[in-house]
1. Just wondering, is there one or more residues in segment B:146-168 that are closer than 23 Å to residue B:329 by Cα and either in a helix (DSSP H, G or I) or at pLDDT 95 or above (or both)?
2. Any idea which of A:122, A:202, A:151 is β-branched (Val, Ile, Thr) and touching a residue at least 40 places away in the same chain (Cβ under 8 Å)?
3. Between A:125, A:114, which is surrounded by 19 or more Cβ atoms within 10 Å (Cβ to Cβ) and of a type in the set (D, E, K, R)?
4. Six or more apart or on different chains, Cβ atoms under 6 Å: show the pairs whose first residue is in segment B:583-597 and facing chain A (nearest Cβ under 10 Å) and more than 16 Å from residue B:151 (Cβ to Cβ) and whose second is of a type in the set (A, V, I, L, M, F, W, C) and in a strand (DSSP E or B).
5. Within segment B:256-298, track down each residue that is β-branched (Val, Ile, Thr) and surrounded by fewer than 21 Cβ atoms within 10 Å (Cβ to Cβ).
6. Among the residues of segment B:629-648, count how many are loosely packed, with under 14 Cβ neighbours inside 10 Å and of a type outside the set (Ser, Thr, Tyr).
7. Mind checking which pairs have a first residue in segment B:631-645 that is at the interface with chain A (Cβ under 7 Å from one of its Cβ atoms) and a second that is of a type in the set (S, T, N, Q), Cβ under 8 Å, 6 or more apart or different chains?
8. Filter segment B:486-521 down to the residues that are surrounded by fewer than 17 Cβ atoms within 10 Å (Cβ to Cβ) and aromatic (Phe, Trp, Tyr), then identify the one that is nearest to residue B:418 (Cα to Cα).
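The values are calculated or read from the model by the stated rules, or taken from the named source; none is laboratory data. Please read all numbers here as calculations on a predicted model, not as lab measurements. No Cβ is skipped: glycine too gets one built from the backbone with ideal geometry, and neighbour counts run over all protein chains shown.
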Amino acid sequence: MAHAATQGGHHAHDHEHDHESLKTFGFWIFLITDCILFGSLFATYMVLHQNTNGGPTPEELFKMPGIIAETFILLTSSFTSGLAVLGMHKGNMKQLIGWLAVTVLLGASFVGLELMEFINMVNHEGATISTSAFLSAFYALVGTHGLHVSVGLIWMVGLMLQLKRRGITAVTKRKVAVISLYWHFLDVVWIFVFTVVYLMGVM
Amino acid sequence: MLDKIKQFASEFFVTGDPLILGAQVSIGLSMIAMIFVLSYFRKWGWLWREWLTSVDHKRIGIMYIICSIMMLFRGGVDALLMRLQLAMPNSQFLQAEHYNQIFTTHGVIMILFMAMPLMFGLFNIVVPLQIGARDVAYPFLNSLSFWMFFWGAMLFNVSFVIGGSPDAGWLSYPPLSELSHSPGVGQNFYIWGIQISGIGSLATGINFIVTILKMRAPGMKLMKMPMFTWSVFSSCIMIIFAFPILTVTLALLFLDRFLGAHFFTLDGGGNPMMYINLIWMWGHPEVYIVVIPAFGIFSEIVSTFSKKKLFGYKSMVFAMLIISLLSFFTWAHHFFTMGSGADVNAFFAISTMLIAIPTGAKVFNWLFTMFRGKIRFSTPMMWTIAFIPCFVIGGMTGVLLSVAPADFQFHNSYFLIAHFHQVLIGGVAFGYFAGLYYWWPKMFGFKLNEHLGKWAFWTWNIGFYVCFMPQYFLGLDGMTRRTYTYDFDMGWGPLNLVSTVGGFLMGVGFIFQVWQIAHSIKFREPDVTGDPWDGRTLEWSIPSPAPIYNFAVLPEVNEADAWWEQKQKQSLSAKQPAKIVYEPIHMPKNSSIPFLMSALWFFAGFGFVFNWMWLTIPALIGVAITMIARSFSYDTDYYIPADEVKRTEAALKGAKV
């Protein structure tokens, strides 16, 4: 039994490594499916964005300064999540957790600003999801992105707790790599949201 | 108080129809019987430990198949009710609304809750064994996929007795499926039943792509993969591109119904055509998703039962990949008549017709494999041979439908119904039956009775032609799909009667199959070889049923028919194989999270169906908690010590003598 256990220990290391790279690969494929998901929502938005049904139009609704601030905050958070990964590769736990915390704060302020934007639209312009097809498509697309960001925040907080408890191991390394992938992906999606929804909306 | 309860019950349960009352009573009785049997034999712990929490791909596969056979029964009963109603002109057997519900649930169940799980069941049982792997890439996710499917299917099925079934057709076109036209809860059941199980399907797609790309035995290059594995790979590629579109489509329809959004409504700037485009962007690839693995099964069977290498291996692979690609450029042929214009129709007509070319290449390859082979007419081979003429006719009528101008005549007629049943029953159902017969001994360690199997085969096949050939003529006579009754002077009576007789013959075929399974279990003759068909691929190189770790020692592969090659070599040299050194095997631990998380999804979905946020919100929080719990658990695997592997292998070999 002892023999098997030592052998097991040796193999555990190999397997762990294989297993973690396998999971990262699977996550890439998940991101493909998420691309298709957002692609469908973008297509829906493009088809419906002129159907304002007599309600408010994009020009009336979108307040660009706030949106640009949101954009900068999210882009910066992508950068800080990259710094966290760099810290991890150096084995610097403080740097890793610190930059993750900054990323969470930036992400939370992005979600907060977005929520305020939505609330303003509903309160001051009466622009709800049931006002027009344009707004339905708008809330669905931007809201889905916001929901993704929010899920990422909970995930990141959970991961920070795991890092505190377990340190930098093969498993936590993979987890950090995966969430940073996810975070960059959301950033890319946001660039499309920013261009297709906001810039083209106010143009 | 009592009045309130009575009123609630009368709204909550579907009442007033003797058919449904009968179903409610039988559901209640069978649940009591199940609980009694499990308690009497003290099997709850066994059920929980060995099955409900299992992450073993072989067990998950078996559970998929059991559910699928039950769903085949449910969908089949729906079909027979419809055929009974249509057997005579002016029939009063079913009411119009009830008829609408039945054709809707028949379609949804047969495609999504019968064909898909049967397919996933075979994926699970066969793929890891064929590529020489010990498991799929993500065993936990695999279990989660199964339970999401299971609870999604349950949610869809309870609509029959609680609240009312959906009745807007299997793809639920708006505005019919909108709140304005379907104010009941049926459409909500449709949305959430499919959404929950659809997420499971998507996860399966990812899981098997990674399994096939990353977990093949040493030496198994992509071009040396068995053909079934190739077909699973093509099918999974379609899944990951098509299913997210379904997720979005259903979510948007839900937002329309739940929050009053205007994606597909007639007012508020919505666009119903948008839904029809989106749903077919998923729906057309979906039919290829279910048929391509059947092609893989036929390839394995033709080659095994002709004792020949598959003819044109590379062209088979190429043909499958081309079909997966083209399947995404054909969706608009489902609405040639909705005014897309001549250019769009021409594009989609041509891309649809193009699919006939790779499919034709495959049919010729199967025929050439049989040519000069030593053919054995066992049940798997019988189904394969029956499939070929059936699919050729179905393919040709498909090409007729793909001609846009001709489609203006045929569309939504019984001609179409006959066509797609011909390709789906002849291709998918026959294919999966063939696969089930073929791999049954690998799953359970004994063969199914051939004699009863041939009775099932002939009743199914004869029944099939008797049922669907008349429908082509009914379609040409102008009978449209979803017709619930027709007048005597339409002259459709005789052909409809013949068709109904055929439908019931297929029902008899199903009874033969159930009998066959029961009989074979009772009088089972254990297969001690592990290779009862003289197979060619790796799954036949290990004992049946396979031990939990599949391969004690991972095989090395040089050829597509790896096991066949090995057998040839062994018969040439009588040398004993070198002494085997066993190593500890890394295995995933069982987990109750997939079952619990999916059950919570069921409750969340049920809450959405009735707008009961007091149920939905806690259930969704529960889902989140189970996910977080999984993320925080690091102790998810274990090692089977080498000694235990050695003992298991010795016992299996001892059993062989």
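1. Looking only at segment B:146-168, we keep the residues that are closer than 23 Å to residue B:329 by Cα, and these are none.
Among the residues of segment B:146-168, not one is closer than 23 Å to residue B:329 by Cα and either in a helix (DSSP H, G or I) or at pLDDT 95 or above (or both), which makes the answer no.
2. Working: A:122 fails: touching a residue at least 40 places away in the same chain (Cβ under 8 Å); A:151 fails: touching a residue at least 40 places away in the same chain (Cβ under 8 Å).
Being β-branched (Val, Ile, Thr) and touching a residue at least 40 places away in the same chain (Cβ under 8 Å) holds for just one of A:122, A:202, A:151, which is A:202.
3. Values: A:125 fails: surrounded by 19 or more Cβ atoms within 10 Å (Cβ to Cβ).
Unique residue meeting the criteria: A:114.
4. That search, which allows pairs on different chains as well, returns B:585/B:640.
5. Residue satisfying the conditions is B:287 alone.
6. Counting residues in segment B:629-648 that are loosely packed, with under 14 Cβ neighbours inside 10 Å and of a type outside the set (Ser, Thr, Tyr) gives 5.
7. B:631/A:162; B:632/A:162; B:642/A:7
8. This residue is B:488.
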